[in-house]
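Report on one structure; see the data block that follows.
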2 protein chains.
Amino acid sequence: MDVRMRGFKERMRVDEALKLYFEKANLKKLDSEKVDLLNAYNRVLSQDIVAKYDVPHFDRSAVDGYAVKAENTFGASTTNPILLKVVGSIDIGEKPDFEIKDGVAAKIATGAPIPKGANAVVMLEYTNDLGDYVEILSAISPFKNVSRKGEDVKAGEVVLSKGEILQPQDIGILASLGIKEVEVAKIPRIAVLTTGNELIEDYGELDVGKIINSNSPMICAAIREIGCIPTSLGIAKDNPEVIETKIEEGLKVADAVVVTGGTSVGEKDYVAVVVKKLGSLIVHGVSMKPGMPTGLGVVDNKPILLLPGFPMAALLSFYTFMPKIVERLLDVEVLGKKGEVVKAVTKRRIPSSSGIRTFARVIYKDGFIEPLRTSGSGVLTSMIKANGLVIIEEDKEGIEEGEEVEVVLTRHLVRLL
Amino acid sequence: MDVRMRGFKERMRVDEALKLYFEKANLKKLDSEKVDLLNAYNRVLSQDIVAKYDVPHFDRSAVDGYAVKAENTFGASTTNPILLKVVGSIDIGEKPDFEIKDGVAAKIATGAPIPKGANAVVMLEYTNDLGDYVEILSAISPFKNVSRKGEDVKAGEVVLSKGEILQPQDIGILASLGIKEVEVAKIPRIAVLTTGNELIEDYGELDVGKIINSNSPMICAAIREIGCIPTSLGIAKDNPEVIETKIEEGLKVADAVVVTGGTSVGEKDYVAVVVKKLGSLIVHGVSMKPGMPTGLGVVDNKPILLLPGFPMAALLSFYTFMPKIVERLLDVEVLGKKGEVVKAVTKRRIPSSSGIRTFARVIYKDGFIEPLRTSGSGVLTSMIKANGLVIIEEDKEGIEEGEEVEVVLTRHLVRLL
């Protein structure tokens, strides 16, 4: 056992330490703020997002073809084509000013609005262009090849819930709903204080006995890594008054404070003493190696994380505790991380063609996946309903029902705390 | 088959497309720039880092105890203590001004410099404080409990190599070496152009036929996600002159250009035509679903990625190709991602104590791990030599040689291109 560990009589297991801490600490949740969409990536939603419009907000063609009254195609086949007069052409982005009556059709592009009177689109493949007329070679039913108003999203529908961590696909759907700003949790600011009489910021000449403060830039980088904003409070000598002043300075400018060094129970380990004086130190000494002299305190409902002075121990303890503390500040627990690969059994067959790499959007839950029925790649909501992707390689033809596959999470799996 | 896919006679597999593209594209590598340590997190080193100093730069005590001449302790035991006169006390950060001669000792703290004449430290546990004298209860050999000058890093040693993606532990070691600035690859800037006559930036009133440009904010967010800087070029109508002007604008301000929509082979799909005019379109049509109308072009040695207009297809194609293209710009291939969990067999036993969560630093390679012999958590280089962590839970006692374990990668595994 390391000499510096003496005095930690009651070391707590990591899980117990976190449980006790969150039971007792009563941490203040972060406020929210409005940000525009361009700054919303990876932020935690603090509101439900309700669609103001239907998506699509007009009936539109899902294919290139001819807009018709479906009834006019009944009986059509390659051997018995039906002739319709072409009254116009509608491109994507255009608004048709004519009406489709019996016996007529209009050429239409994918995504273009269905003209008044029409209720279906015959794909180009099943037509024969004769100039002013078109031959219809196949009968279709009403609404065939039409993406209907509100098919993707209905006005009033909740499309994204509080706690969701916004990913590019969410930004896409928000934009398409005409939403320019969202209410999200503020980014946590974390102040870093390093303590130790031996620490200096720079080697003038190589002073024997002195050590450059490497913990501060290291922990600041780790704070960035977990998506927070670091502030360095510099170095405090092993002096309780100085440490107290610095911690109070940190509490003013940040939502959490990290202190490295001086966290043990030796003569000059003043950090614990100061935290106890300012607030409370709920955990002191954790059964982890390295990282035993870790402490979890709270002052003014803000968390104070006491890290050992040894760099490796400080970093590992930071990673063990700070992300969990940040989740509390953001009021959301991350159960699965975007990009993580999990194994799951598919509840339904997922088709794919040999030679084509297929990206199947799925809903993952508790070890199972439900593939989303996606009619075309334009269906926006498949992007936000899905939380995973099954990538079917070129040499495989589909995934059978009951087969176990690897699922890449396409969003963080979260639950509100 | 989607109507919009017609015309892609020779669709290429994803891997083939990338291979052909990188063979032919001759992409320009990004320049490097100097950044200070606080901005170096996650940046790609474009120089080897050579230590200017030894670390530690003085012999220091690894424990709390008494600095002695080891020879003076020979024969000492609990039943036969040896008495030494205490001539001083050295705390961490202090520089001793006395010398240890035969028959004397000095109290010393962990991390404090070994005084002249001493060559070992007896741990407090094996001593008995008598005020002006100390009883030594155990014999020790020379250099016992001394972290020797240069033990961690020797001056002149390469501590981090070109291509390394800087993690918090690296920032820590750079700081401790007195390095304040590093040369890193510039952050790639990627310009985004969306095309389509139907696109608008905002709903005034809900215009039938019009669609809000959701691809641009979505792809900009995805660009942030992969660590690059996005610039939006706005919307281009389906007009080759406008598209050409916008792409040229993008090439001026960015290191790569992404274009969404108009990438197919239909009447109004001008993007491919424009890219062919400006430079070359090496790949057009990929065997992936969604995402078939993807194209990979190059103009002035800068990459142009042509994405389909459908949001989901655009995003999946972006993720499939852009990270690989960015690696080329940065001149480094990522073989494994930090945070990824891989399985590996340990070549040596890794000890741990029951009831303590143990974080063992390991070197992972080709399915095997080599645990690092770490004498104490202060050994800085274990942080940068290690590329993985084995977390041994509290209820387990060590990992046996040959056992398969899960390894969390603590840095990106990279190789220079």
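No lab work stands behind these numbers, since they all come straight from the coordinates. None of the values given here were measured: they were computed from a predicted structure. FYI the Cβ positions are ideal-geometry reconstructions off the backbone, even for glycines, and counts take in every protein chain you see.
Things worth noting here:
- Relative contact order computed over chain B (Cα-Cα under 8 Å; 6+ residues apart), in percent: 17
- Mean shadow area of segment A:224-329, taken as a quarter of the surface of its Cα convex hull (nm²): 6.1
- Straight-line cross-link partners of residue B:302 among the aspartates and glutamates, defined as a Cα under 12 Å from its Cα and at least 8 positions apart when in the same chain: B:248, B:255.
- Cross-link partners of residue A:180 among aspartates and glutamates, defined as those whose alpha carbon lies under 13 angstrom from its own and excluding same-chain residues fewer than eight positions apart: A:36, A:170, B:201, B:202.
- Taking Cα centre as origin and charging only the Cβ of basic (Lys, Arg, +1) and acidic (Asp, Glu, -1) residues, the dipole magnitude of segment B:26-66 rounds to 300 debye.
- Stokes-Einstein D (µm²/s) once Rh is taken as the Kirkwood radius of chain A over alpha-carbon pairs, at 10 °C in 1.306 mPa s: 61
- Built amide H within the under 5 Å cut-off of residue B:90, gap 5+: B:107, B:108, B:109
- Rg/Rh, computed from the Cα trace of segment B:1-107 with Rh as the Kirkwood radius, has the value 1.48.
- Relative to one another, the C-alpha centroids of segment A:47-122 and segment B:249-291 are positioned 29 Å apart.
- Where the alpha-carbon atoms of segment B:207-250 are placed on the principal axes, they occupy 33, 29, 9 Å, in descending order.
- The dipole here belongs to chain B: it is taken about the Cα centre, uses +1 on the Cβ of Lys and Arg and -1 on the Cβ of Asp and Glu, and is about 1100 debye.
- Contact order relative to length of segment B:37-146, as percent, for alpha carbon pairs under 8 angstrom and 6 or more apart: 35
- Top of B:297, B:156, B:93 by mean-square fluctuation, Gaussian network on chain B, Cα under 10 Å: B:93
- The modelled label-to-label distance for the pair residue B:24/residue B:155, using points 7 Å beyond Cα in the direction of Cβ, is 5.5 nm.
- Relative packing of peptides B:23-31, B:120-128, A:390-398 - highest average C-beta neighbours within 10 Å first: B:120-128, A:390-398, B:23-31
- A label point on residue B:15, set 7 Å along the Cα-to-Cβ line, lies at 4.1 nm from each of its counterparts in the other copies, closest listed first.
- A straight chain from residue A:203 to residue A:135 at 0.36 nm per residue would run longer than the Cα-Cα distance by 15.9 nm.
- Spin-label model distance (nm) - residue B:245 vs residue B:267, 7 Å beyond Cα toward Cβ: 2.4
- Exposure proxy for B:203, B:41: other Cβ atoms within 10 Å of each Cβ, ordered fewest to most, give B:203, B:41.
- Across all directions, the average projected area of the convex hull around the alpha carbons of segment A:60-147 is 4.5 nm².
- Going from the fewest other Cβ atoms within 10 Å to the most, the residues A:382, A:138, A:61 appear in the order A:138, A:382, A:61.
- Evaluated at q = 0.17, 0.18, 0.26, 0.27 Å⁻¹, the base-10 log of the normalised Debye intensity for segment B:341-416, with identical point scatterers placed on the Cα atoms, takes the values -0.60, -0.67, -1.31, -1.38.
- Mean Kyte hydropathy of 1.6 or more with a Cα span along the axis of at least 30 Å, helices from DSSP in chain A: none
- Which of A:119, A:65, A:88, positive extreme of dipole for segment A:63-184 (C-beta unit charges): A:119
- Selection from A:398, B:384, B:412 lying farthest towards where the dipole of the protein assembly as shown points positive, charges on Cβ: A:398
- Among A:160, A:251, A:206: highest mean-square fluctuation, GNM of chain A, C-alpha pairs under 10 Å: A:206
- Charge dipole (Cα centre; +1 on Lys/Arg Cβ, -1 on Asp/Glu Cβ; no other charges) of segment A:257-358 amounts to roughly 720 debye.
- Teacher prompt: residue A:237 distances to equivalent labels in other copies, 7 Å Cα→Cβ, nm: 7.3
- When chain B is treated as a Gaussian network with alpha carbon springs shorter than 10 Å, the biggest mean-square fluctuation among B:296, B:335, B:315 belongs to B:335.
- Ellipsoid equivalent to the protein assembly as shown - semi-axes via the Cα gyration tensor, in Å: 64, 26, 23
- Approximate shape of segment A:97-199 as ellipsoid semi-axes (Cα gyration tensor, √5λ), whole Å, largest first: 55, 15, 11
- DSSP bridge analysis restricted to segment B:60-147 gives an antiparallel fraction near 75%, rounded to the nearest 5.
- Shown for B:58, B:359, A:74: other C-beta atoms within 10 Å of each C-beta, ranked fewest to most, produce the order A:74, B:58, B:359.
- For residue A:130, inter-copy separations between label points set 7 Å beyond Cα along the Cβ vector come to 12.1 nm, shortest first.
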